[in-house]
Amino acid sequence: MKKFRGIFLKNDAEIALLREANRIVSVILDEMGAAVRPGLTTMRFEQIAQDMCRKFGVVPAFQGYGGFPYALCCSVNEQVVHGFPSNRVLEEGDIVTFDMGVIYDGFYGDSARTFGVGEIPDETQRLLDVTRESLMRGIEHAVAGNQLYSISKVIQEYVELSGFSVVKRFVGHGIGRNLHEKPEVPNFVPRGVVDLPLKAGMVLSVEPMVCVGSPDVEILEDKWTAVTKDRRLSAHFEHTIALTQDGPEILSRSDH
């Protein structure tokens, strides 16, 4: 792979493998989303993730990564990211985030979505809508020739103008033969950091995490699960995208 400032630039063949890896992730998320309902334990979705990885002949990307014990990051309500599947039962009005990754032929797929459980309050739905829309607006600015923080700026501005806050502790990232590659893709404009021109061939995982209240988080005793300090709700959406000469291509989409 060619490199630009330490960032791997992928060719068409490599992007094709990343496209398939991320398509598989999207199909798995479709399956889990269709199963969401009150009364299920979150461990049920770990079972779905494992079963579908076997079906597609792929390796769960997160399991064993840094010691993470599951295929699926499953985060409920105030849990921002890296939650463990467990015997916790989903209840009407909850929200649940599935963050899923796979390894396909040596390349990584990574995507996340937040789902409402049964009927959710209007303000909770607005949190999900704003988070998803902030992601899509950020992706629109992922254009070769733009600056990296143009993605960050539009996400942060849209979220904050909507009355929510952006988590700053966790950021997006490059992706390819490794799950986390350069560059970091923050959902806010960092201070005192030199910006980076975007180049065709970059593949990025963009993933805003948005909170109803304070964006401050803390890590629970399991050393993984991140929760909002004020225990208010948080949502998380992520797409993996390729920067092409024709603009950004979302790789983490299903066939349909």
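The values are calculated or read from the model by the stated rules, or taken from the named source; none is laboratory data. What you see is a predicted model; the values in this text were computed from it and never measured. Using ideal geometry, Cβ is built from the backbone for each residue, glycine included, and neighbour counts are taken over all protein chains shown. We work out accessible area using only protein heavy atoms, side chains counted, and drop any ligands, DNA or RNA first. Shrake-Rupley method; radii C 1.70, N 1.55, O 1.52, S 1.80 Å.
From the set of residues in segment 1-19 that are assigned to a helix (DSSP H, G or I) and more than 20 Å from residue 180 (Cβ to Cβ), which is most open to solvent (accessible area, probe 1.4 Å)?
So in segment 1-19, the residues assigned to a helix (DSSP H, G or I) come out as 12-19.
So of that shortlist, the ones also more than 20 Å from residue 180 (Cβ to Cβ) come out as 12-13, 16.
Values: 12: 131, 13: 67, 16: 46 Å².
Of everything passing the filter in segment 1-19, 12 is most open to solvent (accessible area, probe 1.4 Å).
Got at least one residue in segment 246-254 being open to solvent by 40 Å² or more (accessible area, probe 1.4 Å), over 27 Å from residue 122 (Cα atoms), without any contact (Cβ under 8 Å) to a residue 60 or more places away in the chain and not acidic (Asp, Glu)?
No, the conditions are met nowhere in segment 246-254.
Could you check, for segment 46-61, whether at least one of its residues is among the aromatic types (Phe, Trp, Tyr) and either touching a Leu at 6+ places or on another chain (Cβ under 9 Å) or open to solvent by less than 20 Å² (accessible area, probe 1.4 Å) (or both)?
Scanning segment 46-61, I find no residue that is among the aromatic types (Phe, Trp, Tyr) and either touching a Leu at 6+ places or on another chain (Cβ under 9 Å) or open to solvent by less than 20 Å² (accessible area, probe 1.4 Å) (or both), so the answer is no.
Starting from residues that are among the acidic types (Asp, Glu) and more than 20 Å from residue 97 (Cβ to Cβ), keep the ones in segment 133-169 and report whichever is most open to solvent (accessible area, probe 1.4 Å).
Taking the candidates together, the pick is 140.
Of all residues in segment 75-132, count the ones that are hydrophobic (A, V, I, L, M, F, W, C), in contact with a helix residue (DSSP H, G or I) (Cβ under 7 Å, 6 or more places away or on another chain), closer than 23 Å to residue 219 by Cβ and open to solvent by 30 Å² or more (accessible area, probe 1.4 Å).
0
Take residue 214 and tell me if it is at pLDDT 95 or above and in contact with a Leu (Cβ under 9 Å, 6 or more places away or on another chain).
Here the answer is no, as residue 214 does not meet what is asked.
Can you run down the residue pairs with Cβ atoms below 7 Å, 6 or more apart or on separate chains, where the first is in segment 173-194 and under 21 Å from residue 103 (Cα atoms) and the partner is open to solvent by 90 Å² or more (accessible area, probe 1.4 Å) and not in a loop (DSSP other than H, G, I, E, B)?
From segment 173-194, the pairs are 173/184; 174/182; 179/65.
Show me the strands (runs of 3 or more DSSP E) entirely contained within segment 64-170 in which 2 or more residues are at negative phi, in contact with a Pro (Cβ under 9 Å, 6 or more places away or on another chain) and touching a residue at least 60 places away in the same chain (Cβ under 8 Å).
Those strands (runs of 3 or more DSSP E) span 95-104.
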